[in-house]
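Here is the structure we will look at.
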Amino acid sequence: MDNSVSPNPGAVDGNAAAAVTDTATTAAAVTTADTAAAPTVADPASASVARPDVASALHRASHPVDHPAFDQFVATIAALRAPDGCPWDREQTHESIAHNMIEEAYEAVDAIEARDVVHLREELGDVLLQVVLHSQIAADASEFDIDDVCADVNAKMVRRHPHVFGEASAENASEVLDLWDKVKLAERDATGAAGAAGGAGDAGDTGGANGADGAGAADGSGGEAAPPRRACLLDGVPTSFPALMQAQKVSRKAAAAGFEWDTLDDVWEKVREEIGELQEAYAAAPKAANGKVDASAALASASGARATAEVGERDGSASAPAVSGLVDDSGSGPAASAASTSAPALDPATASGSAAAAVAAVELEFGDVLFSLVNVARRMGVDAESALRATCAKFRSRWAAMEAAAAAQGRRIEDLSADEQESLWEVAKQSCQDASAR
């Protein structure tokens, strides 16, 4: 099915988002003395601060701390990119080193999960290297520099924390995340409104979480018109994200906009529905002898059926049999016509296309199951990415124990029977549980 979420969408809290925008705008007036100066919060008194902790935060934000080591690092990277610098560094582009950004981030995560503080310090430096190097590449092209990057992200953090730098309130981490999402929605709406400001007249209202049809003309004539173009809510989630991370991000954004189930039980019902659809799709798909979906298996079957039909046409015998999984056996399709001695076999090209579609359907339905489980995790307050990483780490640990036990017997894990592997697995499982308990 196309919509793997399909809950009952609720209405967006527009007033709350507008209020967030107002407080964020007040607190996010950021100025810089020059490009070398750290950004400061302008006129803290104008934020109508009522709490001492907020006043303290504004004070800290308006009194920047010098970071000479960072300044020296930026100067080092600039020197490497200079005409008389390093040939390799001078040749790099955003595209040529893009993969390094991902690799270094993953290595930093590994250090975090290993609780290796020394390694983490090194890996954070490597991540910082990517940020500064990309910024220098942009500076060399007169696009932006590291000061612009820092100023932008600082302004965003002030804007996204109106409970610290403004008058909004958030008593716990969950409320902070809700507030963060509302600010992002307000920013997106403001961006869309700015993009539509050049049009004449008022556009019609939109309704519902999905943006329903507009009712007024853009030129004010009262006729129908499309709503003003604006950035999509999900545009901020990179499609290059790992699939599980992307699923978490897009589902959380949709839920923040009101597109959400009422209860966790409703999400579980969705999971059961998607599993049923996956089973149906798998049952209808062509499969190889090992049970794996395989479009080529259907093509081979169709080719064989066509050959049988051609022989039958020559010697007057019965026509070709139907190809399992790709024809209608309800009495009106190709299967029913097999009763006729003149029925043609399913064309291999047609079979190939139908088989490919059936295999693709299995993949899509499997994805729907995973997406639904991501929503279960979100409603439970569990990070699906972290949960799966932990499970992978657990499996790897047990597998290593299995291999060690097999090696102690002078054998390789792949040479053991299924029963022997299962026995070692249970031993490794208990051993790892005992170790974690200690």
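In the stretch 259-279, of all residues being in contact (Cβ under 8 Å) with a residue 24 or more places away in the chain and within 13 Å of V362 (Cβ to Cβ), the one that is surrounded by the fewest Cβ atoms within 10 Å (Cβ to Cβ) corresponds to I275.
The residue pairs whose first member lies in the stretch 76-88 and is of a type in the set (G, A, S), whose second member is surrounded by 14 or more Cβ atoms within 10 Å (Cβ to Cβ), and whose beta carbons are closer than 7 Å, counting only pairs six or more residues apart or on different chains, are A78/Q136; A79/G85. Going through (1) polar (S, T, N, Q); (2) over 26 Å from D110 (Cβ atoms); (3) touching a helix residue (DSSP H, G or I) at 6+ places or on another chain (Cβ under 8 Å) one by one, S417 falls short only on (3).
Within the option set S221, S240, being modelled with pLDDT of 50 or more and among the hydroxyl-bearing types (S, T, Y) holds for one residue only, S240.
In the stretch 291-312 there is at least one residue that is modelled with pLDDT of 80 or more and loosely packed, with under 13 Cβ neighbours inside 10 Å.
Report whether or not A114 is in contact with an Asp or Glu (Cβ under 9 Å, 6 or more places away or on another chain) and either free of Cβ contacts under 8 Å to residues at least 24 places away in the same chain or farther than 25 Å from D148 by Cβ (or both). So A114 does not fit the description; no. Do we find that V359 is in a helix (DSSP H, G or I) and touching a Leu at 6+ places or on another chain (Cβ under 9 Å) in this structure? Taking the combined requirement at face value, the residue does not satisfy it.
Evaluation of N154 against the conditions (1) farther than 30 Å from A98 by Cα; (2) part of a helix (DSSP H, G or I) shows that the sole unmet condition is (1).
Can we say D71 is over 30 Å from K182 (Cα atoms), exposed (fewer than 15 other Cβ atoms within 10 Å of the Cβ) and out of contact with any Asp or Glu (no Cβ under 8 Å at 6 or more places or on another chain)? For D71, the condition - over 30 Å from K182 (Cα atoms), exposed (fewer than 15 other Cβ atoms within 10 Å of the Cβ) and out of contact with any Asp or Glu (no Cβ under 8 Å at 6 or more places or on another chain) - is met.
Consider the stretch 120-164 and keep the residues that are buried (at least 16 other Cβ atoms within 10 Å of the Cβ) and among the acidic types (D, E). The one that is nearest to D71 (Cα to Cα) is D147. If the condition is being of a type in the set (S, T, N, Q), over 30 Å from M245 (Cα atoms) and either surrounded by 14 or more Cβ atoms within 10 Å (Cβ to Cβ) or in contact (Cβ under 8 Å) with a residue 12 or more places away in the chain (or both), then the stretch 388-438 contributes Q421, S423, S431.
On inspection, E385 qualifies as over 23 Å from Q433 (Cβ atoms), in a helix (DSSP H, G or I) and not aliphatic (A, V, I, L, M).
The values are calculated or read from the model by the stated rules, or taken from the named source; none is laboratory data. These figures come from a predicted structure and were not determined experimentally. With ideal geometry, Cβ positions are generated from the backbone for all residues, glycine too; neighbour counts draw on all protein chains shown.
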